[in-house]
Amino acid sequence: MLTFALALLLEFSVSTASAQDLNFGYTPAPGPGENPALLVTPTRTVANLYVSIEAGGKTLEFTRKNVSAGQQLRFEWPRDTRVTRADAFIRASFADGNVTETNVPIEYQFKGQLSIDLSKASADLGNKTVTVHTTAAVDSAEIIAYGAGKQVLDQRTVDLSGGPGAVSVPFVGDPSEVVLLDVKLNAGNAWAGFTYSPWFLDVPHEDVLFPSDSADIPASEEYKLQHTLQELNTVVEKYGSIVQVKLYIAGCTDTVGDSGHNRDLSLRRAQSIARWLRSKGYSQPIFYYGFGESLLAVPTGDGVDNAANRRALYLVGANPPPAGSGIPGVGWKAL
């Protein structure tokens, strides 16, 4: 089942280009006090990266080692409003011995100010909008919807009326397929951009049957987690190149026993599952939480022994489940 989760990632008003093994971006309109910058994101792991940037008659050189696929690096040069052009040279050496070299011309202007405050961002899952706060009135938004493998699913420009302050931006594309939305907000001759992920997935699985009042995973139940691990690795293979896949394990109980004890028991069981998956090689971020009897699959009265409520949910997404997803907002614990 696909639901929506919000993952807002500020992109510093980035203009983008790409090469076969490297993706590039830069700040076309640096805001007040902001340095111009080049962004480099490899599509596969780089053993050695060399970047040279010439701007205003001065050259800066940078080196990085062991850069992971999808890791974004930012290379800045000093702000000088008299300089509006830079030339970058990038050389990437990969583990297999292949080398990619490319030149990136960069043109930018120090224009009017428009910035986005993401600290109060919120998603309305019913109306399929995300609301951010801006420092200026916004006229329109250019939105690109990406699916798995960063395939473009939809691309459109929509008129907006909002800001300074709250601005609501609509989702585009089929919600069941969209993994990432790239948004550019326009305000006169200024613009700013951000990305967010509405993607969230409830991983199908068979629940582990724990012994009574225990968080120990019986050996006879491990085959169920082996199947779950295979499902999770498939999800990472399909979506990991476009968003960081985070796993959220929600432990739940029925209503038999003390509610405080049930919360603790469900927390320990969720943690046991998380540790088992990590011990078997699952390398993505894992978070867990014990909901006890507060997240019943089948609503019952107190003291009801119901197997359907003794469960764990395996949720993956770029961000924790948002309000409106059916999962309460809680302080997830990182493994």
message: Residues to consider are G149, G97; find the one that is in the same structural domain as Y26 (by TED's automatic domain parsing) and not in a strand (DSSP E or B).
response: G97
- request: Can you tell me which residue among L118, L114, L60 is farther than 30 Å from G149 by Cα and under 29 Å from the mean Cα position of the chain (by Cα)?
  value: L114
- prompt: Quick one: would you say E177 is more than 30 Å from A29 (Cβ to Cβ), modelled with pLDDT under 85 and out of contact with any Cys (no Cβ under 9 Å at 6 or more places or on another chain)?
  reply: yes
message: Being crowded, with 21+ Cβ neighbours inside 10 Å, in contact with a strand residue (DSSP E or B) (Cβ under 6 Å, 6 or more places away or on another chain), over 24 Å from A190 (Cβ atoms) and at pLDDT 80 or above is the requirement here; does V46 meet it?
response: yes
- request: Could you please find all residues in the range 21-35 being buried (at least 19 other Cβ atoms within 10 Å of the Cβ) and part of a strand (DSSP E or B)?
  value: L22, F24, G25, Y26
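The values are calculated or read from the model by the stated rules, or taken from the named source; none is laboratory data. Everything numeric in this text was worked out from a predicted model, so none of it was measured. Note that each Cβ is placed from the backbone with ideal geometry, even for glycine, and that neighbours are counted across all protein chains shown.
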